[in-house]
Amino acid sequence: MIRLWGRNTSSNVMKVLHGLDELGLPFERIDVGGAFGGTATPDYRAKQPLGLVPALEEPDGFTLFESNAILRYLCNAHAPTSPLYPTEPRARGVVDAWLDLQQTALTAPHTVFFIGLVRTPPEKRDMAAIAAAVQQAAGIWKLVDARLAEHPWITGDTFTIADIAWGIHVHRWMALDLPGRPDLANVTAWYHRLLARPAFARHCAGPLA
Ligand SMILES: N[C@@H](CCC(=O)N[C@@H](CS)C(=O)NCC(=O)O)C(=O)O
């Protein structure tokens, strides 16, 4: 059975949980990372060289790290005809672009306000840095909002792994009390479409911790 290494409070682990569930793939998950530790051992570093979560392990010993690479791999290896990762080169290229944009543009500001508001005691919070991060993220969410004015999912009429990669982040964007967050009607409607998907609701929409 596929084995997923990583605590289920990690956004990058949640993405992979969402993907495994959407694809209907059986798996087991092992708690490592955060308070669970276990990521500094040579055995774990062989799976994830930076000691981060998640890491994926196949029954034959093949391992893979980087959450978005894992999402692509799961489709390629286990569901090659799934609409979650279209095979037509341009459609696939657009999905890849939005997967990369999530990692390169959204992760940094989201990490600042999530760690600041959820994992830092109030007296130690840097509210100026949090407000700046919200504004930086708002610029990215406005781009997403404009796309979602044209079609229901990030890359078009079909739900794909791009929606999975952005989905956990929209939950945090909507669920936290963020200073200066703009109201973005299309992003809000897309968030509600995600919430209607049982796999998203199961893995990505719980209390923030
Ligand atoms: N780009 C990596 C980032 C992985 C990452 O930063 N994971 C965080 C949790 S979201 C982590 O491992 N934090 C340390 C820990 O949990 O011990 C990916 O997408 O997999």
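The values are calculated or read from the model by the stated rules, or taken from the named source; none is laboratory data. As the structure is a prediction and not an experimental result, all values here were calculated from the model. Glycine gets a Cβ as well: all are built from the backbone with ideal geometry, and neighbour counts include every protein chain shown.
Condition first: out of contact with any Asp or Glu (no Cβ under 6 Å at 6 or more places or on another chain), free of Cβ contacts under 8 Å to residues at least 60 places away in the same chain and part of a loop (DSSP other than H, G, I, E, B). Now tell me which residues in the stretch 178-209 satisfy that.
Result: P179, G180, R181, P182, D183, A196, A205, G206, P207.
Looking at D163, D183, D145, which is the one that is under 24 Å from A108 (Cβ atoms), modelled with pLDDT of 95 or more and in contact with a strand residue (DSSP E or B) (Cβ under 7 Å, 6 or more places away or on another chain)? Explain how you work it out, then say what you get.
Working: D183 fails: in contact with a strand residue (DSSP E or B) (Cβ under 7 Å, 6 or more places away or on another chain); D145 fails: in contact with a strand residue (DSSP E or B) (Cβ under 7 Å, 6 or more places away or on another chain).
Testing whether each residue is under 24 Å from A108 (Cβ atoms), modelled with pLDDT of 95 or more and in contact with a strand residue (DSSP E or B) (Cβ under 7 Å, 6 or more places away or on another chain) leaves just D163.
Scan the stretch 27-42 for residues that are crowded, with 18+ Cβ neighbours inside 10 Å and among the aliphatic types (A, V, I, L, M) and jot them down.
Across the stretch 27-42, the qualifying residue is only V32.
State whether one or more residues within the stretch 156-168 are in the same structural domain as A97 (by TED's automatic domain parsing) and farther than 24 Å from S67 by Cα.
Taking the stretch 156-168 and keeping what is in the same structural domain as A97 (by TED's automatic domain parsing), we get 156-168.
Subsequent filtering for residues that are farther than 24 Å from S67 by Cα retains none.
Looking through the stretch 156-168, none of the residues is in the same structural domain as A97 (by TED's automatic domain parsing) and farther than 24 Å from S67 by Cα.
Yes or no: the stretch 74-95 includes at least one residue that is more than 29 Å from M174 (Cα to Cα), polar (S, T, N, Q) and in contact with a strand residue (DSSP E or B) (Cβ under 6 Å, 6 or more places away or on another chain).
no
Take the residues in the stretch 9-26 that are surrounded by fewer than 17 Cβ atoms within 10 Å (Cβ to Cβ) and within 19 Å of C204 (Cβ to Cβ); name whichever of them is farthest from the ligand (Cβ to nearest atom).
Narrowing the stretch 9-26 to residues surrounded by fewer than 17 Cβ atoms within 10 Å (Cβ to Cβ): 24-26.
Okay, now just the ones that are also within 19 Å of C204 (Cβ to Cβ), so 24-25.
Numbers: G24: 22, L25: 18 Å.
Once the filter is applied, the top-ranked residue is G24.
Quick one: in the stretch 67-118, of everything that is hydroxyl-bearing (S, T, Y) and within 14 Å of the ligand (Cβ to nearest atom), which residue is surrounded by the fewest Cβ atoms within 10 Å (Cβ to Cβ)? Working first, answer last.
Applying the first criterion (hydroxyl-bearing (S, T, Y)) to the stretch 67-118 yields 67, 73, 81-82, 85, 87, 104, 107, 111.
When the remaining residues are screened for being within 14 Å of the ligand (Cβ to nearest atom), the result is 67, 73, 104, 107, 111.
Working: S67: 27, Y73: 18, T104: 9, T107: 15, T111: 12.
Going through the qualifying residues, I end up with T104.
Those residues that are farther than 21 Å from L20 by Cβ and basic (K, R), I need them from the stretch 169-209; list them, please.
R181 - this is the single residue of the stretch 169-209 that is farther than 21 Å from L20 by Cβ and basic (K, R).
What are the residues in the stretch 97-134 that are more than 16 Å from R181 (Cα to Cα) and among the aromatic types (F, W, Y), if any? If you could, list the steps in order and put the result at the bottom.
Let us first name the residues in the stretch 97-134 that are more than 16 Å from R181 (Cα to Cα), namely 97-105, 107-108, 115, 118-126.
Matches in the stretch 97-134: W98 only.
Which numbered condition in (1) in the same structural domain as M174 (by TED's automatic domain parsing); (2) away from the ligand (no atom under 16 Å from the Cβ) is the only one that F62 fails?
So the condition that F62 fails would be (1).
Name the strands (runs of 3 or more DSSP E) wholly inside the stretch 1-102 in which the number of residues that are in contact (Cβ under 8 Å) with a residue 24 or more places away in the chain and at negative phi is 2 or more.
Details: elements: 2-5, 27-30, 55-57, 63-65.
Where strands (runs of 3 or more DSSP E) fall fully within the stretch 1-102 and carry at least 2 residues being in contact (Cβ under 8 Å) with a residue 24 or more places away in the chain and at negative phi, they are 2-5, 27-30, 55-57.
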